[in-house]
Structures are given as C-alpha cells and as structure tokens.
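The values are calculated or read from the model by the stated rules, or taken from the named source; none is laboratory data. These numbers were taken from a predicted model, which means no experiment stands behind them. Because the Cβ atoms are built from the backbone with ideal geometry, glycine has one as well, and the counts that use them run over all protein chains shown. Keep in mind that these areas ignore ligands, DNA and RNA; they rest on the heavy atoms of the full protein, side chains included. Shrake-Rupley method; radii C 1.70, N 1.55, O 1.52, S 1.80 Å.
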Amino acid sequence: MAGPLSATVRAATRRRLIPQRVALVLTQAAVKKVQTIMDGRPDMIGLKVGVRTRGCNGLSYTIEYAKEKHKQDEVVVQDGVTVLIDKKAQLTLLGTEMDYQESKLASEFVFYNPNIKGTCGCGESFSV
C-alpha cells in the first residue's frame, strides 16, 4: 500500500513571473459578426485590425480583410475566428475588448480600450 502523496514548494529565485495580458478579446457578438462576414470570403484568413493617424484626437481604428499574415502581425484566434493585429496597433490594443453593437442608427465594431487617454466627441478617434 502506498503512502500519502506529498508536494514540495520552492521559491522562484531565478526568474520573475510576469502576468501576460491578452492582446484582444472578442465578445460573443463580435465573434458572431466576424463569422458572418468571413462566411462570404473563403479566400481570406480573417480580419485585420490596425490604427491610423486621423481625426481630432490622433488615432482611429481600421478593419480590413486579411489574405495573409505578415511577419510581425499578432494573431488572435478565438471561438473559430481569426483576427490579425497590425504591428503598429499592437501596443495600443493591448487588453482591449472588441464588441459588435447594432442600433437603429448604426451597426459597428466597438473597442473598449483601457489604454485610451482621451477621445473626440464623436468617438471616432482617440489618443493613448
């Protein structure tokens, strides 16, 4: 008969553990919309999110179809959908939630970004 199981605990002295933050998280509404968009585009591998200089506050998001992954793109795969993040957008999107919302006036992807320091009145541009 075997004795009780034992465990040993040792302090990590050689390396410091750093918590990892996810680059981008999609809500279920965003996942469903990306699936719908991509169903008609079998030649594309996913959507690509980027930022560009625009608007009164400096930056705005861009979303386009992606045919291929570029060397420095970050890939987010969630619930069967693929979203690529452009190299220039990676730091500004870190920890962001991507949602999809529909109302009587608009249907759009909405980004909840904890890194934003300010936005313009219309919500189209931001600064970090």
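Observations on the structure shown:
- For the range 1-116, the strands (runs of 3 or more DSSP E) that sit wholly inside it and include 1 or more residues that are in contact with a strand residue (DSSP E or B) (Cβ under 8 Å, 6 or more places away or on another chain), among the small types (G, A, S) and at pLDDT 75 or above are 46-53, 59-66, 107-112.
- Hey, V128 over 27 Å from M44 (Cα atoms), touching a helix residue (DSSP H, G or I) at 6+ places or on another chain (Cβ under 8 Å) and either at pLDDT 75 or above or surrounded by 12 or more Cβ atoms within 10 Å (Cβ to Cβ) (or both) or not: yes
- Leading residue by the ranking (farthest from L26 (Cα to Cα)) among those in the range 98-107 that are of a type in the set (D, E, K, R) and exposed (fewer than 13 other Cβ atoms within 10 Å of the Cβ): K104
- Tabulated pairs, the range 86-98, first touching a residue at least 40 places away in the same chain (Cβ under 8 Å), second open to solvent by less than 20 Å² (accessible area, probe 1.4 Å) and in a helix (DSSP H, G or I), C-beta under 7 angstrom, 6+ apart or interchain: M98/A30
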